[in-house]
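These notes concern the structure reproduced below.
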Amino acid sequence: MAITEIFPNPTVKQVIFQIRYNSLFYLGEKVGEFQQNIMNEFPESSLILKTPGIKFMIDRKAEEKINNNPEDDSNLKVWQFKSKNGVILQVENNSLSLTSEYHKTYNLGSGEKFKDVIKVVLSNFLDITKIPIIKRIGLRYIDECPVPYKNNSKFKEYYNTSFPLDRFDIRNVEEMLFTSIVKKKEGNLRYIESLHKVDNKYKLVLDFDAFRTDIDSTDYLTVTDILHEIISDEYEKTLKAPVYEYMRKKKRSK
């Protein structure tokens, strides 16, 4: 059964949406029009250059120089845009990604939903670039979950864990990691479960990365909905009642 409530204290810390496509040699000519169309939602902009192992921003004069030398491919351009609530949009020659630490729901309620941001950005981007096929669509959720009691029996009360706790006593564990990539009926899922310290406290970090390949660009939102369902289903399989009670409590102000 799908989650139908928005929690005041959710475990989600970051959500990422990404599409990959064949390299667009004409992208630089289209970015200005794309920027104009999304400027209300993403008012901040910058150009980032990436070289192997290096990433840095450039000023306007340097940007003009690069634009006047299209044959120079020693640097890779990344056009970055930022919304007022901190959502980061990055456009590259072969990928587009959205990263948010602000949104707490994908499609529930009447407030701000991550699905709405995806729709605004992709509808404009695809209209301008005319990409027929998306090579890969990915939706990724990273959750930091509480570990109030670091012992095997209590941990099992909170989580349906993949850790081999019958073999290892969690009280003696410094770090624990489980990774699996599985095929689903309508997509794929890379699932990572890790136990380690976050801000000097042990937490269970759940990393759900659902993806699908070779999609007709007109189906991007339908496919993303399916990927969200895959993640939501696995999330529910992992959490037990005490974690839901934790999320329903309002976060204490510092």
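General remarks:
- Debye log10 I(q)/I(0) for the chain, one point scatterer per Cα, at q = 0.13 Å⁻¹: -0.92
- In the chain, the calculated helix contribution to ellipticity at 222 nm averages -8500 deg cm²/dmol per residue, counting -39,500 (n - 2.57) for every DSSP H run with n ≥ 4.
- Considering only alpha-carbon pairs that sit under 8 angstrom and 6 or more positions apart, the relative contact order computed for the chain is 24 percent.
- Between residue 175 and residue 95, the modelled labels are 2.2 nm apart [label points 7 Å from Cα along Cα→Cβ].
- Spatial separation of Cα centroids for region 163-182 and region 77-118, in angstrom: 33
- Here the calculated FRET efficiency for residue 194 and residue 6, from their Cβ-Cβ distance with R0 = 35 Å, stands at 0.85, rounded to the nearest 0.05.
- Structure note, pairs 135/201; 154/197; 82/150; 115/201: Cα-Cα distances above 29 angstrom occur for 135/201; 82/150; 115/201.
- Summing Cβ point charges (Lys, Arg +1; Asp, Glu -1) relative to the Cα centre of the chain gives a dipole of roughly 960 debye.
- Taking label positions 7 Å along the Cα-Cβ direction at both residue 88 and residue 130, the computed distance is 3.3 nm, reported to one decimal.
- Length-normalised contact order for region 106-254 - Cα pairs under 8 Å, 6+ apart - percent: 29
Laboratory data are not the source of any read-out in this text; all were calculated from the coordinates shown. Remember, predicted model here, so these are calculated numbers, not experimental data. Counting neighbours? That spans all protein chains shown, and the Cβs are built from the backbone with ideal geometry, glycine included.
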